[in-house]
Amino acid sequence: MTKRQLVKVDSNGKLPEAIKDEFNSFLFSRKDKWIELAYCDKRTPKTQAQLGYWFGIVIKYISDATGYTKDEIHIRLKEKAKFYVDKEIDGEKYRYVRSLSTATKDEMMDIITAAKTYAEILNINIPEPN
């Protein structure tokens, strides 16, 4: 059983009673078994406006000015922004450019800022978002 749930911690730093009851019931049903428990701060996902600006303006302008395809520019700009993950497989280290599907709002803003800085170096004027 896997369940992900966004829960607001109250002003005393406690979980709501209903959540505690549900969680305790889950734990009781798995006595003497291993479970995986993970928790983190809520991540703010990137916005549709950011994606529209990225693909419709930033990528398009740089692609048109350089002659590279939109896909080539998309990957190159993520590399420039260091939007990658390092993994080790069978003892060998690999670096992968991450998909934007995993980007948060802040990460997307960093990628856009890095791309605009790169565009300035190439003397490409990227308009500001509306």
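Every read-out reported here was derived from the displayed coordinates using simple, explicitly stated rules and does not represent laboratory data. Remember, it's a predicted structure, so these values are computed and weren't measured experimentally. Virtual Cβ from ideal backbone geometry, glycine too; neighbours counted across all protein chains shown.
Which value in deg cm²/dmol, rounded to the nearest 500, describes the helix-derived mean residue ellipticity at 222 nm for the chain, given -39,500 (n - 2.57) per DSSP H run of n ≥ 4 and division by the residue count? Provide the component values of the computation, followed by the final result.
On the way: 5 runs with 54 residues, N = 130.
Theoretical 222 nm ellipticity from helices: -12500 deg cm²/dmol.
Among THR66, THR113, a tally of other beta-carbon atoms within 10 Å of each Cβ gives an order, fewest to most, of THR113, THR66. For region 1-52, GluC sites (Glu not before Pro) meeting the loop criterion (DSSP other than H, G, I, E, B) and having at most 16 other Cβ atoms within 10 Å: GLU36. The spacing between region 69-95 and region 1-63, judged by their C-alpha centroids, is 25 Å. Site-free segments of the chain were taken between chymotrypsin sites (Phe, Trp or Tyr not before Pro) in DSSP loops having at most 10 other Cβ atoms within 10 Å, sites themselves excluded; the longest one is 40-130.
In terms of other Cβ atoms within 10 Å, SER25, SER11, SER63 run from fewest to most in the order SER11, SER25, SER63. Checking the Cα-Cα distances for LYS8/LYS82; LYS8/LYS116; LYS42/LYS87; LYS8/LYS105 against a 27 Å cut-off, the pairs over it are LYS8/LYS82; LYS8/LYS116. Residues with beta-carbon under 11 Å from that of PRO16, excluding PRO16: net charge, scoring Lys, Arg +1 and Asp, Glu -1? Net local charge, PRO16 excluded: -1.
Think of the chain as a dipole: +1 on every Lys or Arg Cβ, -1 on every Asp or Glu Cβ, centred on the Cα centre; then among TYR39, GLY67, ILE126, TYR39 lies furthest on the positive end. When you filter the trypsin sites (Lys or Arg not before Pro) in region 1-41 for DSSP loop state and at most 12 other Cβ atoms inside 10 Å of their Cβ, you are left with LYS3, ARG4, LYS8, LYS14, ARG30, LYS31, LYS33.
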